[in-house]
Amino acid sequence: DEAAVESAIRLAEAGPQQAKRVILLHRRDVLQAPADRLARLEVLRNSGALRFQVGQVTGIAKEGGRLTAALITDVDGNTAALPVDSLLVLLGLSPRLGPLSPCTLR
């Protein structure tokens with residue numbers, strides 16, 4: 001979780017690597033990272049610079065061979081398409097890519 005938290009913070013903070021939109025997706029509502037990094041994440045969430053969502057990628061949508069959306073299933077079993085321009089995948093202790101496994105990730 002720590003690498004994902006660090007990446008989300010880096011991409012959400014003002015600077016040369018700042019993304020227009022950052023959504024940190026995690027399979028559970030608890031993240032394991034140092035307390036100061038979790039506090040910074042919360043500040044970014046409260047400011048609207050970053051969104052945290054609980055769920056899992058259960059599919060993808062492509063158009064013309066290009067990834068256009070990740071299909072996210074939440075804890076209640078509801079699935080919604082999340083439009084994406086880029087998808088950064090950071091694996092934890094259980095590196096199962098599921099629907100992303102046939103993709104070429106760069």
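Could you say whether any residue in the stretch 23-36 is buried (at least 16 other Cβ atoms within 10 Å of the Cβ) and farther than 25 Å from V75 by Cβ? No, the stretch 23-36 contains no residue that is buried (at least 16 other Cβ atoms within 10 Å of the Cβ) and farther than 25 Å from V75 by Cβ. Inspect the stretch 11-18 for any residue being touching a strand residue (DSSP E or B) at 6+ places or on another chain (Cβ under 7 Å), modelled with pLDDT of 90 or more and crowded, with 16+ Cβ neighbours inside 10 Å and give the result as yes or no. Looking for residues that are touching a strand residue (DSSP E or B) at 6+ places or on another chain (Cβ under 7 Å), modelled with pLDDT of 90 or more and crowded, with 16+ Cβ neighbours inside 10 Å, one finds none in the stretch 11-18, hence no. All conditions in (1) in contact with a Ser or Thr (Cβ under 6 Å, 6 or more places away or on another chain); (2) surrounded by 17 or more Cβ atoms within 10 Å (Cβ to Cβ) hold for T79, with the sole exception of (2). For the stretch 1-27, a residue qualifies if it is in contact with a Leu (Cβ under 7 Å, 6 or more places away or on another chain) and either small (G, A, S) or in contact (Cβ under 8 Å) with a residue 60 or more places away in the chain (or both), and the qualifying residues are D1, A3, A4, S7, A8, A12, A19.
The values are calculated or read from the model by the stated rules, or taken from the named source; none is laboratory data. All figures in this text were calculated on a predicted structure; none of them were measured in a lab. Because the Cβ atoms are built from the backbone with ideal geometry, glycine has one as well, and the counts that use them run over all protein chains shown.
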